[in-house]
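This report concerns only the one structure given below.
The values are calculated or read from the model by the stated rules, or taken from the named source; none is laboratory data. The structure presented is a predicted model; accordingly, all values stated were derived computationally and were not measured. Cβ placement follows ideal geometry from the backbone for every residue including glycine, while neighbour counts extend to all protein chains displayed. SASA here: full protein model, heavy atoms, side chains in, ligands and nucleic acids out. Shrake-Rupley method; radii C 1.70, N 1.55, O 1.52, S 1.80 Å.
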Amino acid sequence: MVTQIVHRGEVTETYHRPGLAAATRRLPIVDRAHGIQPWREGDLTLCYNGELYNTAELSTALRRESVAPDTDSDTEVVAKAFRVWREDAVDRLEGEFAFAVVEGDRVYVARDPLGVKPLYFAISDGRVHLCSEIKGLLAIGASIHEVPAGHHGWITASGPRLRPYFDVEEQSAIGAAREFTDTPTAIDAVHDAVSAAVDSRLQTDLPVAVVLSGGLDSSIVAAHVARTHPGSTAFTIGTPDSPDIDYAARVARDLGLAHRVITVRPRDISRADVAHAVRNSELTEYGDIINAVISERLFAAIHEAGIKVAIGGDCSDELFGGYPMYDTVPTDQRRELFAHKLGNLSRTELQRVDRSAMASTVEMRVPFLDRRLVTTALRVPVSMKVRDGVEKWVLRRAFENELPDYVIARPKHGLSYSSGLHDRVRLYKPLIPAAYRKCGYDAHAPLRRDFDVALAAAGNDLRAARSGRSLFDDHTMFERGKDLAGALRWNLTGALRSVRK
């Protein structure tokens with residue numbers, strides 16, 4: 001199992017006793033000398049993946065309980081927090097995490113509120129197997145299940161008993177009941193929550209890589225990094241004529257941030273790259289796999305630069321309305337759509353980010369999914385998120401005095417589209433199902449059509465889409481043919497353009 005996830009860390013650490021074999025592939029970041037795992041706390045054994053951003057507050061609270069941590073490691077804090085507060089501890093943790101605590105013949109598992117960090121399990125022959133990635137469980141030969149985002153509970157050989165401690169739809173309802181009615185108040189609240197989330201994720205003595213597209217979200221993060229974490233570097237990927245490179249170079253220059261560009265020409269992407277992304281990412285939607293092809297090259301460059309920690313603006317779109325679909329569904333379904341998108345991040349955008357970064361042994365931090373920021377964003381009325389055709393309106397207003405006008409005014413561009421590489425990867429889209437089956441990932445979940453396609457097929461009626469099978473079906477032959485024709489046309493046009501040049 002460990003050999004299948006060797007890329008997730010630099011050090012293999014193991015512990016075993018009768019009835020338990022535990023191993024971690026650790027990427028040392030916080031208190032690198034003392035955070036050795038699996039961590040043993042009395043009769044408890046902890047395997048932990050992630051990062052806490054309120055370790056100091058938790059350590060203070062533990063001292064009041066006469067259980068003072070002996071190190072600065074957040075691993076020890078998680079272990080002692082569970083020892084003292086048991087299942088209630090998870091409500092106190094702020095960060096991105098997944099962990100398992102073995103006690104006797106049962107194991108307690110927990111995953112962060114939105115699922116930034118992954119955790120899967122399989123039960124076979126009276127044994128419980130857990131791993132950070134699906135590929136580590138394939139040899140078990142049993143069905144593979146995900147610990148859902150925001151869930152915790154116990155698993156034994158007879159099965160799991162998991163329950164939510166953070167439910168997006170419930171939080172959305174709470175947010176609706178406490179919606180901001182005053183625009184300046186909402187703008188200030190968003191500004192403060194975003195700033196606090198970014199700053200908390202920069203509390204490290206290691207250099208940090210900023211994934212910079214030159215768009216609103218990544219530029220907000222870059223501005224904070226430039227101001228508070230000197231010695232950091234921004235990284236941008238794209239074709240030589242990509243708008244991302246031009247915008248990002250300008251932003252980095254204006255912020256005084258070192259900048260590296262990873263130039264990729266469409267012809268540099270091969271069938272093998274797509275097959276590798278399928279295996280590495282374990283993703284179930286085509287669009288996410290296409291984005292993963294590009295993300296893998298980006299994080300490989302960050303790793304080659306000797307950087308372990310990266311940060312970016314991922315998932316701001318799901319919080320603040322960065323997709324056209326928010327304007328296409330009926331008005332009474334818009335808040336429901338926000339909750340749906342947020343609730344599925346753990347198997348879409350976040351899974352792409354985690355697998356792409358960890359494939360190169362890089363920890364990617366996602367400030368826009370800070371729990372306090374999410375609950376703040378859920379209080380913002382949809383009318384403040386998308387206004388007069390402008391997406392992420394409230395976020396633009398919150399940072400208009402801290403970013404250049406050309407960033408505030410720049411419309412949303414997806415990673416793969418703005419990088420100039422999307423349609424090259426799309427040419428290999430028909431090969432994805434066979435590559436997915438070859439990996440054996442059907443043991444966990446089937447490959448499915450992209451969410452925006454399923455929504456459109458249901459007439460942009462989210463409730464109709466969710467009530468039927470359309471969210472879980474694969475693309476039809478007609479959809480495949482239409483998509484392939486578009487990709488071929490784009491690639492032929494690009495090839496002819498290159499010949500003329």
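Laid out as a table, the results:
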| quantity | calculated |
| --- | --- |
| Tabulated pairs, the range 168-181, first basic (Lys, Arg), second assigned to a loop (DSSP other than H, G, I, E, B), C-beta under 7 angstrom, 6+ apart or interchain | Arg178/Arg379 |
| Where Glu400 falls short, out of the listed (1) open to solvent by less than 30 Å² (accessible area, probe 1.4 Å); (2) modelled with pLDDT of 95 or more | (1) |
| Residue under evaluation Arg334, criteria (1) open to solvent by 10 Å² or more (accessible area, probe 1.4 Å); (2) not in a helix (DSSP H, G or I), criterion not met | (2) |
| Top-ranked residue of the range 59-81 - restricted to ones that are open to solvent by less than 70 Å² (accessible area, probe 1.4 Å) and of a type in the set (Ser, Thr, Tyr), ranked as modelled with the lowest pLDDT | Thr71 |
| Cβ pairs under 6 Å, 6+ apart, first in the range 200-222 and assigned to a loop (DSSP other than H, G, I, E, B), second surrounded by 24 or more Cβ atoms within 10 Å (Cβ to Cβ) and among the basic types (Lys, Arg) | Arg201/Arg365 |
| Single match in Ser383, Ser356 (criterion: surrounded by 20 or more Cβ atoms within 10 Å (Cβ to Cβ) and either in contact with a helix residue (DSSP H, G or I) (Cβ under 9 Å, 6 or more places away or on another chain) or polar (S, T, N, Q) (or both)) | Ser356 |
| Residue count, the range 269-297 (criterion: open to solvent by 10 Å² or more (accessible area, probe 1.4 Å) and within 19 Å of Ser213 (Cβ to Cβ)) | 5 |
| Among the residues listed as Ala487, Ala465, Ala458, the single one being surrounded by 14 or more Cβ atoms within 10 Å (Cβ to Cβ), within 26 Å of the chain's Cα centre (by Cα) and of a type outside the set (Asp, Glu) | Ala465 |
| Residue among Val109, Val116, Val90, Val84 that is more than 25 Å from Met358 (Cα to Cα), at pLDDT 95 or above and of a type in the set (Val, Ile, Thr) | Val84 |
| Long-range neighbours under 9 Å by Cβ, at least six apart or interchain, first residue of a type in the set (Phe, Trp, Tyr) within the range 244-269, second open to solvent by 20 Å² or more (accessible area, probe 1.4 Å) and in a helix (DSSP H, G or I) | Tyr247/Tyr406 |
| Residues of the range 166-199 satisfying the condition of being among the hydroxyl-bearing types (Ser, Thr, Tyr), more than 14 Å from Gly312 (Cα to Cα) and not in a loop (DSSP other than H, G, I, E, B) | Ser172, Thr183, Thr185 |
| Matching residues, the range 223-242, being over 20 Å from Asn401 (Cβ atoms), touching a residue at least 40 places away in the same chain (Cβ under 8 Å) and open to solvent by less than 30 Å² (accessible area, probe 1.4 Å) | Thr233, Phe235, Ile237, Gly238, Thr239, Ser242 |
| Residue among Val386, Val380 that is of a type outside the set (S, T, N, Q) and modelled with pLDDT under 95 | Val386 |
| The one condition in (1) touching a residue at least 60 places away in the same chain (Cβ under 8 Å); (2) in contact with a strand residue (DSSP E or B) (Cβ under 6 Å, 6 or more places away or on another chain) that Gln4 fails to fulfil | (2) |
| Top-ranked residue of the range 299-323 - restricted to ones that are within 18 Å of Ala234 (Cα to Cα) and under 15 Å from the mean Cα position of the chain (by Cα), ranked as most open to solvent (accessible area, probe 1.4 Å) | Asp314 |
| Condition met for Ala434 (modelled with pLDDT of 90 or more and surrounded by 13 or more Cβ atoms within 10 Å (Cβ to Cβ)) | no |
| Of the criteria (1) modelled with pLDDT under 95; (2) surrounded by fewer than 23 Cβ atoms within 10 Å (Cβ to Cβ), which one Leu421 fails | (2) |
| Helices (runs of 4 or more DSSP H) contained entirely in the range 243-330, each with at least 2 residues that are hydrophobic (A, V, I, L, M, F, W, C) | 243-255, 271-281, 286-304, 316-320 |
| Residues located in the range 160-202, provided they are within 22 Å of Glu96 (Cβ to Cβ) and basic (Lys, Arg) | Arg163, Arg201 |
| Only listed residue being among the aliphatic types (A, V, I, L, M) and surrounded by fewer than 21 Cβ atoms within 10 Å (Cβ to Cβ), chosen from Val84, Val116, Val102 | Val84 |
| Residue match in the range 137-150 (condition: within 18 Å of Val374 (Cβ to Cβ), of a type outside the set (S, T, N, Q) and open to solvent by 40 Å² or more (accessible area, probe 1.4 Å)) | yes |
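Condition check ((1) basic (Lys, Arg); (2) at negative phi; (3) out of contact with any helix residue (DSSP H, G or I) (no Cβ under 8 Å at 6 or more places or on another chain); (4) modelled with pLDDT of 95 or more) across all residues:
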| position | (1), (2), (3), (4) |
| --- | --- |
| Gln203 | no, yes, yes, no |
| Thr228 | no, yes, no, no |
| Asp241 | no, yes, yes, no |
| Ile245 | no, yes, yes, no |
| Arg250 | yes, yes, no, yes |
| Gly287 | no, yes, no, no |
